[in-house]
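This report refers to the structure that appears directly beneath it.
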Amino acid sequence: MKIFVCIKQVPGVSEVRIDPKTNSLVREGIPSITNPFDKNAIELALTIKEKHTAEVIAISMGPPQAKEVLREALAMGVDSAFLLSDKAFAGADTLATSYTLALAIKNLLKGSKDKTKYLVILGAQAIDGDTGQVGPELAEELNIPQITYVQKFGLTEDKILVERIFRTDEVVVIESRIPALITVLKEINNPRNPTISGVVRAYKKEVKVLNAEELKPDKRKIGRHGSMTEVWKVFVPERKIDQIIFTGTNEEKVQELCKSLKDDKIL
């Protein structure tokens with residue numbers, strides 16, 4: 001069985017800067033990390049590999065520097081890594097991204113004897129866009145079942161059995177045949193740290209770059225041209241007032257707080 005893990009390189013800072021001309025994140029000069037939810041996806045894939053016969057393949061789409069997150073995945077124990085990188089992919093929204101990822105997965109499945117025996121795992125969302133849309137859209141592009149917000153996972157032969165968060169206080173148990181796609185929550189596991197030997201192995205392996213020519217996409221569906229989302233404006237909200245510090249006894253502080261909330265029509 002093949003397990004595809006889709007990962008993303010995201011800004012490694014809590015405060016991001018927005019380019020007012022392009023309405024996109026400013027990434028130059030900002031340290032990047034592997035999206036935290038994606039590390040849980042990698043850990044689950046490796047856990048499955050340890051219990052069953054499986055090949056784990058990491059895929060990321062982004063600029064050349066995104067190779068670093070793929071090397072981290074290799075250091076954790078992933079078998080191979082592929083970067084989808086081409087100027088034609090630039091400016092992609094979640095729809096164009098999922099279409100491009102689907103092309104890569106289909107391309108990598110061509111040499112498989114059983115093209116239906118695979119699993120796709122993603123983090124529930126990315127901490128920069130925070131949409132949670134790529135997983136479901138990718139499943140639609142691949143025409144396979146999808147289960148989102150998974151907190152527990154089990155695999156038996158050609159079926160998966162998962163627990164999915166449905167609402168804040170509800171959990172549903174879902175069974176599905178593979179191929180299937182799941183997105184995972186942080187609660188599902190604790191990602192392992194790469195070992196020194198794992199890091200050494202990672203830098204000995206090649207991160208294969210797939211460009212638009214190799215994937216042969218419909219050019220109307222990739223990059224900015226294939227994006228159905230048009231961002232009019234992105235901005236960081238300005239702080240309108242300074243913080244208020246209450247003094248006095250606890251009772252006096254509570255009374256002042258309640259008065260301030262009422263004055264601001266919050267209560």
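Each value in this text was obtained by applying a stated rule to the coordinates, not by laboratory testing. Every value quoted in this text rests on a predicted model; they were computed, and no experiment measured them. FYI the Cβ positions are ideal-geometry reconstructions off the backbone, even for glycines, and counts take in every protein chain you see.
Assuming a ≥ b ≥ c are the square roots of the Cα gyration tensor eigenvalues, decide whether the stretch 165-237 counts as rounded (a/c under 1.5), prolate (otherwise, with a/b larger than b/c) or oblate.
Oblate.
Quick one: helix 250-263 against the long Cα principal axis of the chain, what's the angle to the nearest 10°, folded into 0 to 90?
Tilt of helix 250-263: around 80 degrees.
Suppose the chain between Ala90 and Lys186 were pulled fully straight at 0.36 nm per residue; how much longer would it get relative to their current alpha carbon spacing?
31.7 nm
With a 10 Å Cβ neighbour count serving as the proxy for reagent exposure, in which order, fewest first, do Asp130, Asp242 appear?
Asp242, Asp130
Quick one: among Ile244, Ile42, Ile144, which has the greatest mean-square fluctuation in a GNM of the chain with alpha-carbon springs under 10 angstrom?
Fluctuation is largest for Ile244.
So what is the diffusion coefficient of the stretch 48-158 in µm² per second by Stokes-Einstein at 10 °C and 1.306 mPa s, using a Kirkwood Rh over Cα pairs?
104 µm²/s
Under the rule of -39500 (n - 2.57) per DSSP H run of 4 or more residues, summed and divided by the residues of the chain, what mean residue ellipticity at 222 nm is obtained, to the nearest 500 deg cm²/dmol?
-9000 deg cm²/dmol
Tell me the Rg and the Dmax, in Å, that the Cα atoms of the stretch 2-221 produce.
16.7, 51
Taking the Cβ-Cβ separation of Thr53 and Trp232 as r and a Förster radius of 41 Å, what is the calculated FRET efficiency to the nearest 0.05?
Approximately 0.25, to the nearest 0.05.
Sequence gap at least 6, Cα distance under 8 Å: using those rules, report the relative contact order of the chain to the nearest whole percent.
25 percent
Fewest first, what order do Arg192, Arg177, Arg71, Arg220 take by the number of other Cβ atoms within 10 Å?
Lowest to highest Cβ neighbour count: Arg220, Arg177, Arg192, Arg71.
Grab the beta carbon distance between Lys110 and Lys265, set R0 = 45 Å, and tell me the FRET efficiency rounded to 0.05.
For Lys110 and Lys265, the calculated efficiency is 0.15.
Subtracting the Cα-Cα distance from 0.36 nm times the residue separation, let me have the gained length for Lys117 to Glu175 in nm, one decimal.
Between Lys117 and Glu175, full extension yields 19.3 nm more.
Of Glu72, Glu157, Glu187, how do they rank once you tally other Cβ atoms within 10 Å and put the fewest first?
If I rank by nearby Cβ atoms, fewest first, I get Glu157, Glu187, Glu72.
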